[in-house]
1. Carbon and sulfur atoms: what percent of the 1.4 Å accessible area of region A:752-812 do they account for?
2. A:Val154: accessible area at probe 1.4 Å, nearest 10 Å²?
3. To the nearest 10 square angstrom, how much accessible area does A:Lys28 have with a 1.4 angstrom probe?
4. Largest first, how would A:Tyr600, A:Tyr360 line up by accessible area (1.4 Å probe)?
5. Which value, in Å², gives the accessible area per residue of region A:355-507 when a 1.4 Å probe is used on the protein heavy atoms?
6. Could you work out what % of the accessible surface of region A:593-748 is carbon and sulfur, using a 1.4 angstrom probe and leaving DNA, RNA and ligands out of the count?
7. Using alpha carbons only, how many angstrom separate the centre of region A:82-123 from the centre of region A:764-787?
8. Multiply the residue gap between A:Lys742 and A:Glu324 by 0.36 nm, knock off their C-alpha separation, and tell me the result in nm, one decimal place.
Amino acid sequence: MSYSPSDIESKWQTIWNEKGAFEPLDDKSLDKKYILSMFPFPSGRLHMGHVRNYAIGDAMARYYRKQNYNVLHPIGWDAFGMPAENAAIKHGRHPKDWTYSNIDYMRKELNTLGLSFSSKREFATCDELYTKWEQEFIIKMFEEQLLYRESTTVNWCEDCHTVLANEQVEEGCCWRCDNEVELKEMPGYYLDIKKYADELLDDLKLLEGKWPSQVLAMQSNWIGKSQGLEFSFKFSDDSKAKLANKFEGFEVFTTRPDTVYGVTYTALAPEHPIVKALIKNELLDADIAEKITAMGNLSEVERAKADKEGYDLGLTVIHPLTGEETPVWTANFVLASYGGGAVMSVPTHDERDFEFATKYDLPLKYVIEGGEEGSAYTGEGALMNSAVFTGLSNVEAKAAIINHFEEQHLGKGTTNYKLRNWGISRQRYWGAPIPFVHCDACGLVAEKVENLPIALPEDVEITGEGNPLENHPTWSKCACPKCGADATRETDTLDTFVQSSWYQFRYATHPDKWNACGIDKEDVNYWLGVDQYIGGIEHAILHLLYARFFTKALRDLGFIDDLKEPFENLLTQGMVLMDGAKMSKSKGNTVDPDALIAKYGADTARLFTLFAAPPQKELEWNDSAVEGAFRFLKKLYDRKSKVITNSMPTIDHASLDKEEKLARAKVYDALKKSVDVYEKTFAFNTLIAACMEALNALDKQNNEQVWSEGLYIITHLLEPIVPHVCAELSEELFASENLAGKIELLEEVFVQDTITLGVAVNGKRRAEIEVDAGAQKEDIIAMAKESIAKWLEDVTVVKEIVVPNKMVNIVVK
RNA sequence: GCGGAUGUGGUGAAAUUGGUAUACACGCCAGACUUAGGAUCUGGUGCUUCACGGCGUGGAGGUUCGAGUCCUCUCAUCCGCACCA
């Protein structure tokens, strides 16, 4: 019978499902592997990116299962989020209904791929049982002051009608819909991720060599730690009076305390309270006040693009060291959200300050040697014009000046981070409700844990206008958990990244315990860290930083025991491209996995995605190459007619002819390679190539035993990649015996009678010789010389190098 | 600007880590079987030259008997961050 993937695949999928073949065992004494591919958003259909992601993870899971590891390989659904609501607006379907029916469809799609997921551990993050425990964590975080509510300027996406975290703003636009983000002042809930900034940064070291260096670098830059000096400028008496004695001065942060003697002005962000006070009390010209307000209202992108702009505020401050009076400006490039929104300006040693000072004709004072007049010098050098510090190298001066500030109680050495706290409020319906209550008497009160989950109301109308939770007639009305008075429920819901920050612990928790607890410590102790995490590079910052933070926070809250990092090893898979561009519906360059499977079968889809490129690289789609993958499987299946024994034969290697020996060597080459590929490099493309070579070599001989052994090993090696066809062949030919445990490597097959050596003259390959395996060096050299006689005329041989089993190099003059 | 990568045939990509560059596959060319084939099989295929040969891993140097691999410089492309004081 010829290769019929649809028959084979449905047969095996049924067998696996009936057996529950992929459930992890409860025995914690077993060696374990936790293989996790990032869970999908249930958008409705799988795309090729999913196929690739899950083919990679499945190959690893099946490999380790075969090595007798206890393998946890779960799948679930990242099920909250905006698309469900958009679908509701567009098609009038309830988000819950839409989400769960998408999940049902996609679960079937995953099943047709033959992925070895544990089905008992599957959940959707919109399950109320998941929400329940998440709300408990949120309340605990509030109690431990890790979560707070605050009104600040936030990123607002008008299209999505919601607030975005800083990480979710890409080039000033919404990460999801690409709409330009506006700034808006509103209250919201924040997680104090900055409390963990140092730990998040330091622990990146633990991941070196295990995570892609690019991801580590991105996280490190995002945290953006910098050390410097914080000190305050006091207003002159005149200025203080002008501000009605409401302000003494303001704090600045600098990483260049060594240039403090070069300060010729200071600059405040347009949103700085002092600037606001000046405007409010009409202490600035009306037109200037208007321009400053306009500067402050620009979005971050617009501001980044704008030329430097600023205005003299008519105030002066006293330099803490020199006593000089310097002017205070406001400038559009000073960020309100960093370092207190105020800077000391040293135009001679900072490019930005220089540009600004040049534009507004502000004075320059050089304090570090080495620069040229008329430009900013940011390099190293000795200090000048810096009182007692003159002459010190600027590197030494940094410490000395910080020291001086501290001794005089004028300021202190301090650390700043670019990282900002994580805003988790979303003004949406389809999310986990934030479990707090607003009470007139008690203020903000956490819901009682026994009342959890605070579930979403189902009788809502999704129109896209406003927040359905707010519009609901009764849902937000409740009793204050503390005093019992009438109170109002919070209508914001949690950012969906909260759900994906702890799902790795939920999978690890035995499903029998899911009602009793959110996370089971012992289960987590056994299964975590995730031995291999696989997902897209697009989550390099957002998800991976949040999940790392959550791990540390849950540990400190006592929900898990000491665990530093959730994801021990990370593989970031490349994108799937078509004609050099990312596959997307809008470009119309997608390949539908269902159609692909219908035409060629899941094994071909899996084989192609793993063969065409190493997993870390981008994968260029190629229909002909898919055809090629199919041809290989067909050929493999067809060769079952060559097998006569029904188990691993014992072969007398010495009695074989050359082609038979070569075939065996190729088969065992592939076996040898497989360990490295499955455990270290994940270069499945090279393992598949090695199996193709082995099959090609088998085709060149006709020894039945060699054929049996060859297919025994090849189907063993390829089973994690193309499980259905290998299961079928293994069952038919070897009673599936070759799919359990390891196959021993036989070194004898690598021993050859004769060896082909390249012969080079001065490193340049000129000929090839075949020598006996045990040939003496002198004989080899003699043969080599003979083979290249024509290059040896009229020259002197100065050196003869024999590289065992490889080549001979004759050096001549 | 800062940070991280990547440059190898017509294409996707290999190279046991300093030892015969281009494995494997796609494509292409030729042939076989065919009434026919976008099916299957066999052979060929880095560039250049009639040939001997010459040249070849982005480019230029260097180390070495020997470099895709190590070192220095340089160019190009991709990704991330981006006025963070």
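The values are calculated or read from the model by the stated rules, or taken from the named source; none is laboratory data. Bear in mind that the values here come from a model prediction, so they are computed numbers and not experimental data. Note that each Cβ is placed from the backbone with ideal geometry, even for glycine, and that neighbours are counted across all protein chains shown. Just so you know, the surface numbers come from the protein's heavy atoms only, side chains and all, with ligands and any DNA or RNA stripped out. Shrake-Rupley method; radii C 1.70, N 1.55, O 1.52, S 1.80 Å.
1. 46
2. Approximately 10 Å² of A:Val154 is accessible to the 1.4 Å probe.
3. Approximately 90 Å² of A:Lys28 is accessible to the 1.4 Å probe.
4. A:Tyr360, A:Tyr600
5. Ligands and nucleic acids excluded, the result is 46 Å² per residue.
6. Here carbon and sulfur together make up 49 percent of the probe-accessible area.
7. Here the two parts' Cα centres lie 66 Å apart.
8. Extending this stretch completely gives an extra 142.6 nm.
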